[in-house]
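Only one structure is covered here, and it is reproduced in the block below.
The values are calculated or read from the model by the stated rules, or taken from the named source; none is laboratory data. Keep in mind that this is a model prediction, so the values were computed, not measured. Because the Cβ atoms are built from the backbone with ideal geometry, glycine has one as well, and the counts that use them run over all protein chains shown. Side chains included, ligands, DNA and RNA excluded: accessible areas come from the protein's heavy atoms. Shrake-Rupley method; radii C 1.70, N 1.55, O 1.52, S 1.80 Å.
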Amino acid sequence: MPSASTALVSLDLLGTLAFAINGAMTAVRTARLDIVGIVTLGMMTALGGGFIRDILLDDLPPTTFLDGRYLAVAALGGLIAFVLGQRLEKLATPINVLDAAGLSLFAVTGTLKGLEWGLGATQAIILGGVTAVGGGTLRDVMVRQVPAVLHSGLYAVPALIAAGLTAAFDAGGLPLLPWTVVAAAVCFAVRLLGVRYDLHAPRPRDMKSRD
């Protein structure tokens, strides 16, 4: 059974790769950037949530600058999207799947890091949510889109569900694995259901009538 710290880093790196590919694919599909722009947007998507998390925790310099694997994995994700861009630029499904994967993994790892730093459950859940949506929000702003967290079908909600489950499992003394994987899987499923069936968090009545 891997230690908590090893599992946390592994999940964090997997989320970094997923978000990097997602952000770079978004650049290929919507912004028509060159290789520098594609890799930069991928890295920003992958690392932005972690930057915000570490700044809020006053864990400086951020983990990304202390562990070169994060920069390497983020850059690799951007390059993968660049190489496969012509094949994937018209496919929305891979972007949605990778976005859901990164959202799920970062919600879990952000919450776990908050708990490791002694935050209460509520604060750790908020930190998990911020970690999950931070990179995607920066991505959307950079390509001049309304951030998905503000409007997209169940974006912040599944992240907060995963963060809440992670905090609950920790409070119950359950082993890190497989229960954090369960929390991430729930977030992943809820996010994709929201995309598939165009589900949204509650909106004002006049906004519903315009959709």
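Within the bounds of segment 35-50, is there any residue that is modelled with pLDDT under 80, assigned to a helix (DSSP H, G or I) and open to solvent by 10 Å² or more (accessible area, probe 1.4 Å)? No, segment 35-50 has no match at all. Of Ala183, Ala159, all but one fail to be modelled with pLDDT of 90 or more, under 16 Å from Asp12 (Cβ atoms) and in contact with a Gly (Cβ under 7 Å, 6 or more places away or on another chain); the exception is Ala159.
Among residues of segment 193-209 that are within 19 Å of Ile95 (Cβ to Cβ) and modelled with pLDDT of 75 or more, those with a beta-carbon under 7 Å from a residue that is open to solvent by 80 Å² or more (accessible area, probe 1.4 Å) and part of a helix (DSSP H, G or I) at least six positions away or on a different chain give the pairs Leu199/Leu193.
Any chance segment 3-19 includes a residue that's of a type in the set (Asp, Glu) and out of contact with any helix residue (DSSP H, G or I) (no Cβ under 7 Å at 6 or more places or on another chain)?
no
The number of residues in segment 128-147 that are closer than 30 Å to Asp170 by Cα and in contact (Cβ under 8 Å) with a residue 40 or more places away in the chain comes to 9. Taking every residue in segment 59-80 that is among the acidic types (Asp, Glu) and pairing it with any residue that is assigned to a helix (DSSP H, G or I) and modelled with pLDDT of 90 or more, at least 6 positions away or on another chain, the pairs with Cβ-Cβ distances below 9 Å are Asp59/Arg53; Asp59/Lys113. Determine, yes or no, whether Leu79 is assigned to a helix (DSSP H, G or I), farther than 24 Å from Arg196 by Cβ and either at pLDDT 80 or above or open to solvent by less than 30 Å² (accessible area, probe 1.4 Å) (or both). Judged against the criteria, Leu79 is a match.
Report yes if Leu176 is at pLDDT 85 or above and either among the aliphatic types (A, V, I, L, M) or open to solvent by 40 Å² or more (accessible area, probe 1.4 Å) (or both), otherwise no. No; evaluated as a whole, the condition is false for this residue.
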